[in-house]
Every structure is written in C-alpha cells, then in structure tokens.
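For reference, the structure is listed below as structure tokens.
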Amino acid sequence: KIKVDKEFTVLSKGENEEELASILGITADELKEYCSENGIEYLAVNSDNTKQVKLSVQQTEFSSAAINFSNLSDENIEAVIPEIIGISNVKSEIKNKNGQKFAVIDLSSYDSGGDYTVNQYITVADKKLFVLSVYTSEGNDTGYADEIFESLDSGDFNRIKPTGNSYSYVIVGAIVILVIVCAFITATLIRDIKSDLKS
C-alpha cells in the first residue's frame with residue numbers, strides 16, 4: 001500500500017502500462033519485462049518523468065536469513081546496507097515506523113534523463129527485501145518522499161507491541177483482585193475469631 005498525489009500515473013494490476021511506458025520512453029513489453037526482472041511491485045511516474053516512485057519486493061539469500069530488520073540492532077542494519085545497495089561508504093539512518101525498522105539513505109543518480117536525487121527506504125520483513133525508491137530530478141523539492149514513505153504499509157511489516165500503559169492496566173487489575181481477596185480473608189478471619197470468642 002502506497003499513496004501518491006494525483007500528478008502520478010500508477011502501474012497497478014496491469015493497468016496504465018501503455019501510458020507509463022510512453023512517459024518512460026520504452027515499450028509496454030519492455031516495461032513489463034523490467035518490472036518482472038527487478039521484482040517491481042509498485043511504480044508511479046509523473047507526466048514529465050521528473051518524479052518516480054518504485055517499490056521492489058524480492059526474496060534473497062540475505063533476506064531469508066535476516067527474516068526481519070526489526071530483529072536486528074541498528075548497528076547491524078547499518079553494516080549490511082552497503083552490500084544490499086552495492087555502494088560502499090554509504091550513510092544510513094534507521095527509522096522505526098510503527099514497529100518496523102527501515103534504513104533510510106539519500107543518493108545521487110544520473111541517467112539519460114539527467115541528475116536525480118534518490119531517497120531509499122529499505123527493510124526486510126517476512127524474509128522479503130523491500131526497497132522503496134523515490135527519484136526526483138535536480139531542481140525539484142524532495143520533501144514529498146517522506147510523505148510517500150509514511151504511507152507505505154504491508155501485512156508483512158511488524159506492528160507496535162503493547163506499551164507499558166497497556167501492561168499498567170493488567171497490574172492495576174491484579175492489585176484490585178489482590179485487595180478483594182485480602183479483604184475476603186480478613187473478613188473470614190474476623191468472623192472466625194468472633195465465633196471462637198462466643199464459644
């Protein structure tokens with residue numbers, strides 16, 4: 001699940017292939033082949049191809065072993081990011097999004113369309129590698145990339161576990177039950193003592 005503005009044309013369930021291929025300057029068959037080979041689950045492009053949103057989901061040897069980024073320390077995630085993206089000496093920031101950890105990196109890229117800023121959000125969940133890439137051509141604001149990231153969701157992602165506040169209700173409930181039990185025992189003892197005194 002990803003939410004983008006209306007300026008984007010979205011490739012979804014085989015729809016908009018011709019329109020997207022035209023914007024990208026390739027054929028519909030080439031577009032389908034590219035998505036299939038690279039595990040592209042979501043692709044959105046604006047009309048002049050100055051912004052692209054791409055989500056790839058693939059099961060790799062690494063993702064199968066890692067299972068979920070949320071099980072790893074921030075330091076371990078940062079250590080494996082260069083191998084995942086194939087670029088050494090890259091700096092990443094670890095973000096925890098509703099219980100799912102992501103490595104966030106900013107890169108520069110160049111292709112036939114010119115210079116691009118690439119914001120990438122990378123995670124492993126349910127043994128699958130998720131890479132959300134937001135490409136923005138030089139001279140355009142990249143602030144929308146974080147908004148798109150915030151909209152990203154999947155049933156494979158971790159969810160926030162119950163917080164301390166939730167446990168506090170359990171503790172309070174246990175204390176209340178304990179007080180009631182103690183009061184019952186005290187009342188029983190007092191009754192028994194009175195019965196003994198009368199006898």
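Every number in this text was worked out from the coordinates using simple rules, so none of it is lab data. In this text, all values refer to a predicted model and were calculated from it rather than measured experimentally. Positions of Cβ are generated from backbone atoms using ideal geometry, with glycine treated the same way; all protein chains shown enter the neighbour counts.
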Whose amide H sits under 5 Å from the amide H of Tyr42, counting only residues 5 or more places off or on another chain, with H placed in the peptide plane?
Leu55
Could you go through the range 56-64 in sequence order and give the Karplus-derived ³J(HN,Hα) for each residue, using 6.51 cos²θ - 1.76 cosθ + 1.60 with θ = phi - 60°, rounded to whole Hz, and x for Gly and Pro?
10, 9, 9, 9, 10, 4, 5, 5, 5
Identify the trypsin sites (Lys or Arg not before Pro) of the range 1-70 meeting these criteria: DSSP loop state and at most 15 other C-beta atoms within 10 Å of the C-beta.
Lys1, Lys3, Lys6, Lys13
Relative contact order as a percentage, the range 1-120, C-alpha pairs under 8 Å and 6+ apart, gives 14 percent
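Round to the nearest 0.05 the FRET efficiency obtained for Glu150 and Asn38 when R0 = 30 Å and r is the Cβ-Cβ distance. Mind showing how you got there, number by number?
Values: r = 24 Å, r/R0 = 0.80.
Between Glu150 and Asn38 the formula returns 0.80.
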Among Pro82, Val118, Asn71, whose Cα lies farthest out toward the positive end of the dipole of the range 6-134, if unit charges sit on the beta carbon of Lys, Arg (+1) and Asp, Glu (-1)?
Asn71
Of the listed pairs Lys6/Lys54; Lys6/Lys32; Lys32/Lys91; Lys51/Lys95; Lys97/Lys127; Lys6/Lys128, which have alpha-carbon separations greater than 25 Å here?
Lys32/Lys91; Lys6/Lys128
Spacing of the two label points (7 Å from each Cα toward its C-beta) at Ser12 and Asp141, in nm:
2.4 nm
